[in-house]
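The values are calculated or read from the model by the stated rules, or taken from the named source; none is laboratory data. Computed from a predicted model, the values in this text were never measured in an experiment. Virtual Cβ from ideal backbone geometry, glycine too; neighbours counted across all protein chains shown.
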Amino acid sequence: MPKVTDAASTERRKDDHIRINLEENVQFPRLTTGLDRVRFMHQAVPELNLAQVDLQTTFMGKTLHRPFLISSMTGGTERAQNINRTLAEAAQEAGIAMGLGSMRAALEDSSLAVTFDVRAVAPDIVLLANLGAVQFNYGYGVAECQRAVEMVAADALILHLNPVQEAVQPEGDGNFSGLLAKIEAVCRVLDVPVIAKEVGWGISPQAARQLADAGIAAIDVAGAGGTSWSEVEYHRAPTSHHAQVARAFADWGIPTADSIRYVKETVPDMPVIASGGLRDGIDVAKCIALGADLGGLAGPFLKPAETSVEAVLDVIWELTTQLRIAMFASGAADIAALKQTPLYPVH
């Protein structure tokens, strides 16, 4: 049987995470994404019509109008339900992908399933269900993965990997032993693709190889340089001891740019989602030039999602315009050309 947790405490934790991300500075203090270390070669004669630069791409068998993913954020509370529906409506209108927050709460309390159920307002989007891989050591298995996928009619399942967060969280689950065999078992039988995702500390070459060998269909590097979840846990720590343990890991991790390179060098054919500290369309363009297929963003969407669908669409419009201009000014007519566009190091 899956590990039984207090639903009320899970809900409090989810609301804490939303509140802290909105109200506190939880960015990496010094570590950056690494995207500041590379730059496009500006092309004064791009030989392109800006209006005809094509942002369309495909992912998980569906066409996206833009190579963006609204990264996994939340679920399991009333506040989270409103956020998810707003994000999903915007994703549907803009033709982009969306990941849901960890769905463990809904598996443990079926009344919370509604907080993740966005298909009614987003019937066509690439929608990613989400569970923590560590839960395989606390009673979860293929059945729970299938339930999560069916609950939201997902196109794929994210298995998130968050060892540092679990380790610094007082109520965290710290047994990450033997997970690869269990991930492989899920990949083998689940009827949708499985995506492995870090939550902000990046994927190493060793992890990329292990996950590929286990049958993972795509990797979301979720590198360091954006939101530091150890900083989030610092702000909700129940004692000064827990707070100082969490704070020590504020700059832990592999920068996003480095993690993209590591994954593409280790498993070149692996589809990659780049997330972790992306802030604008230029960041997305750099990630695609480094080898990613999509750029995932969470933080830039959170406050707008508390406001309205229109506010989220405004952010998507800004990202779209920035990406299109970055492609135009570097001579890339479409996403395939952008993937072949070199970046040069900033000295």
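If I ask for residues that are in a strand (DSSP E or B), touching a Ser or Thr at 6+ places or on another chain (Cβ under 9 Å) and exposed (fewer than 14 other Cβ atoms within 10 Å of the Cβ), which ones from the range 35-74 would you list? If the condition is that a residue be in a strand (DSSP E or B), touching a Ser or Thr at 6+ places or on another chain (Cβ under 9 Å) and exposed (fewer than 14 other Cβ atoms within 10 Å of the Cβ), then 63 is the only one that fits. Within the range 112-124, the set of residues being surrounded by fewer than 24 Cβ atoms within 10 Å (Cβ to Cβ), in a loop (DSSP other than H, G, I, E, B) and of a type in the set (A, V, I, L, M) comprises 120, 121, 122. Only residues that are under 16 Å from residue 68 (Cβ atoms) and either under 20 Å from the mean Cα position of the chain (by Cα) or assigned to a helix (DSSP H, G or I) (or both) were counted in the range 322-338, giving 8. Taking residues in the range 57-86 that are without any contact (Cβ under 8 Å) to a residue 12 or more places away in the chain, and partners anywhere that are in a strand (DSSP E or B), the pairs with Cβ atoms closer than 7 Å and at least 6 places apart or on different chains are 58/64. Only one of the listed residues (302, 313, 278, 319) is part of a helix (DSSP H, G or I) and crowded, with 24+ Cβ neighbours inside 10 Å. That residue is 319. Of the set (1) outside any strand (DSSP E or B); (2) touching a helix residue (DSSP H, G or I) at 6+ places or on another chain (Cβ under 6 Å), all apply to residue 196 but (1).
Screening residue 142 on (1) more than 16 Å from residue 88 (Cα to Cα); (2) of a type in the set (A, V, I, L, M, F, W, C); (3) surrounded by 19 or more Cβ atoms within 10 Å (Cβ to Cβ); (4) free of Cβ contacts under 8 Å to residues at least 60 places away in the same chain shows it passes everything except condition (3).
Counting the residues of the range 75-95 that are in contact with a helix residue (DSSP H, G or I) (Cβ under 7 Å, 6 or more places away or on another chain) and in a loop (DSSP other than H, G, I, E, B) gives 3. For beta carbons closer than 7 Å, sequence separation of 6+ or different chains, a first residue in the range 156-183 that is within 22 Å of residue 237 (Cα to Cα) and a second that is part of a loop (DSSP other than H, G, I, E, B) and aromatic (Phe, Trp, Tyr), the qualifying pairs are 163/176; 164/201; 164/249; 164/252; 168/249. Of the residues making up the range 58-115, those that are among the small types (Gly, Ala, Ser) and within 19 Å of residue 317 (Cβ to Cβ) are 71, 88, 90, 91, 94, 95, 97. Looking only at residues of the range 167-195 that are of a type outside the set (A, V, I, L, M) and either in contact with a Leu (Cβ under 6 Å, 6 or more places away or on another chain) or within 16 Å of residue 105 (Cβ to Cβ) (or both), we find that the one that is surrounded by the most Cβ atoms within 10 Å (Cβ to Cβ) is 169. Number of residues in the range 248-271 that are closer than 20 Å to residue 212 by Cα and either surrounded by 24 or more Cβ atoms within 10 Å (Cβ to Cβ) or of a type in the set (S, T, N, Q) (or both): the value is 7. Note on the range 2-20: among residues that are touching a Gly at 6+ places or on another chain (Cβ under 7 Å) and either at pLDDT 75 or above or surrounded by 19 or more Cβ atoms within 10 Å (Cβ to Cβ) (or both), the one that is nearest to residue 288 (Cα to Cα) is 14. Considering only residues that are farther than 24 Å from residue 58 by Cβ, in contact (Cβ under 8 Å) with a residue 12 or more places away in the chain and among the acidic types (Asp, Glu), which ones fall in the range 262-320? The one that is farther than 24 Å from residue 58 by Cβ, in contact (Cβ under 8 Å) with a residue 12 or more places away in the chain and among the acidic types (Asp, Glu): 306. Looking across the range 201-224, the residues that are under 19 Å from residue 70 (Cβ atoms), surrounded by 24 or more Cβ atoms within 10 Å (Cβ to Cβ) and of a type in the set (Gly, Ala, Ser) come down to 222, 223. When 106, 80 are checked against the criterion of being within 17 Å of residue 157 (Cβ to Cβ) and touching a Gly at 6+ places or on another chain (Cβ under 9 Å), a single residue qualifies: 106.
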